[in-house]
Amino acid sequence: MKIGIIGLPSSGKTTIFNALTRGKANTGGFGTSRSTNVGVAHVPDERVNILSGMFKSRKTTFAEVIYVDLPVSASGELFDGEAMGQLQQVDAILLVARAFEDGSVPHLSGTVDYRRDIEKVTFDILFADIALLERRIERINDSLKTLKVADRENAIKSVETLKRIQADLENGTAMRDKALDASEKKAISNTFTLSRLPLLVALNIGEDDLANTKELEQVLSGLLAGKSIGGAAICGKLEAELVGLSPEEEAEMRSGLAAGESGLSRMIKLSYGVLGLSSFLTVGEDETRAWTVNTGTAAPKAAGVIHSDIERGFIRAETVAYDDFVQCGSMAEARNRGQFRQEGRDYVVKDGDIINFLFSV
Ligand SMILES: Nc1nc2c(ncn2[C@@H]2O[C@H](COP(=O)(O)OP(=O)(O)OP(=O)(O)O)[C@@H](O)[C@H]2O)c(=O)[nH]1
Ligand SMILES: [Mg+2]
């Protein structure tokens, strides 16, 4: 799963990328950074920590989300051809909006106003899609002359449908919020659209706003109406500094801060949520591990995430829900109480299922 980080120059994209992925990419380029940064964030999951402790696992592995910090183009355009090419590879967009005041970091528009900036970028997203559809329509129109009569009729219908979708975009409806009918689905099937991707917003707040995190997040959710959208307030600079510390030092510093759970871990969980992902868990002395599946995945396919052989030779899944297991305290007790179930091919894996797959190849 991959999330592309976008935002206006100097909004703190790379700072937040570094915090999310414990990275060390260069910050402060004032919109001159031209390289893409790619890094992995671990999805915080208390259940994994607790199970790893109970099983005395030698290794503990969290689910992962990949973040891609996209450079702002030389022209200052967020969605030029190169950026669009990179964004075609991601599953969601994380928009960083600057809310921190800092005289030494100039803002493109002269003032700090995250409402204005969020509005601008979400508008640019729609605008990029309108332009994409425009080019697609032109290409179809250009090809009309060379088409056979039947194909030509279909092509003309496609153009009409694409124009309708375009009009909706012009009225401010993102593709992610639009229920497509069959003809629309068909007409758009070969065209990537940016506004189809789930959108996350990281409000990059200054340290002096940490105590207002809750209020700011409420304002933010008011701004972000629509499906597959979510936001969190993060103090990028502070978080990027904290991840440079040892885990003990970091925990100590955090407990001294007013903010409670870090915006960072809320953001990573949110990323998981808007992408429609769930985790199932495997446990043992060797390793306790969280695995990622699309919510609603059936047991054999979930097994395939671990290894294709387990999917191919799937026999059944032995499973117990995390909460039930913790209440029982051991696998033996979970078996006694009938909480440790045998499930077949049709079983839909749920978030927090502890699973042991039986298979033969
Ligand atoms: N005071 C303060 N400064 C910050 C904060 N977050 C980022 N900065 C600073 O703002 C500057 C820009 O941050 P970057 O993370 O490089 O921003 P960017 O969006 O990646 O910038 P470009 O890639 O150049 O567009 C750096 O000097 C950061 O140290 C913050 O929360 N507070
Ligand atoms: Mg940057």
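Values for this structure:
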| item | result |
| --- | --- |
| Verdict on Leu87 being among the aliphatic types (A, V, I, L, M) and either within 12 Å of ligand 1 (Cβ to nearest atom) or at pLDDT below 90 (or both) | no |
| Selection count, segment 230-259, where residues are under 22 Å from the mean Cα position of the chain (by Cα) and either of a type outside the set (A, V, I, L, M, F, W, C) or surrounded by fewer than 20 Cβ atoms within 10 Å (Cβ to Cβ) (or both) | 6 |
| Unique residue being crowded, with 21+ Cβ neighbours inside 10 Å and either touching a Phe, Trp or Tyr at 6+ places or on another chain (Cβ under 9 Å) or assigned by TED's automatic domain parsing to the domain that holds Val90 (or both) when the list is Asn26, Asn18 | Asn18 |
| Residues (touching a Lys or Arg at 6+ places or on another chain (Cβ under 9 Å) and either surrounded by 17 or more Cβ atoms within 10 Å (Cβ to Cβ) or of a type in the set (Val, Ile, Thr) (or both)) located in segment 79-94 | Val90, Asp91, Ala92, Leu94 |
| Selection count, segment 295-322, where residues are more than 28 Å from Gly53 (Cα to Cα) and of a type in the set (A, V, I, L, M, F, W, C) | 3 |
| Residue count for segment 328-361, restricted to those that are in contact (Cβ under 8 Å) with a residue 12 or more places away in the chain and either in a helix (DSSP H, G or I) or among the acidic types (Asp, Glu) (or both) | 5 |
| Some residue of segment 169-190 being more than 30 Å from Arg115 (Cβ to Cβ) and among the β-branched types (Val, Ile, Thr) | yes |
| Hits in segment 256-286 - residues which are small (Gly, Ala, Ser) and over 18 Å from Ala240 (Cβ atoms) | Ala258, Gly260, Gly273, Gly276, Ser278, Ser279, Gly284 |
| Count - residues of segment 122-172 that are among the polar types (S, T, N, Q) and over 16 Å from Phe192 (Cα atoms) | 6 |
| Check on Ala97, within 14 Å of ligand 1 (Cβ to nearest atom), part of a strand (DSSP E or B) and either modelled with pLDDT under 95 or not polar (S, T, N, Q) (or both) | yes |
| Subset of segment 7-57 [charged (D, E, K, R) and either away from ligand 1 (no atom under 12 Å from the Cβ) or farther than 19 Å from Leu203 by Cβ (or both)] | Arg22, Lys24, Arg34, Asp45, Glu46, Arg47, Lys56 |
| Failed condition for Glu215, given (1) assigned to a helix (DSSP H, G or I); (2) more than 19 Å from the chain's Cα centre (by Cα); (3) outside the structural domain of Lys24 (by TED's automatic domain parsing) | (3) |
| Restricting segment 154-205 to residues that are surrounded by fewer than 16 Cβ atoms within 10 Å (Cβ to Cβ) and under 25 Å from Gln218 (Cα atoms), the residue that is modelled with the lowest pLDDT | Asp177 |
| Among residues of segment 43-94, those that are within 28 Å of Leu224 (Cα to Cα), among the charged types (D, E, K, R) and in a strand (DSSP E or B), counted | 2 |
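The values are calculated or read from the model by the stated rules, or taken from the named source; none is laboratory data. Predicted model only: the values in this text are computed from it and were never measured. Counting neighbours? That spans all protein chains shown, and the Cβs are built from the backbone with ideal geometry, glycine included.
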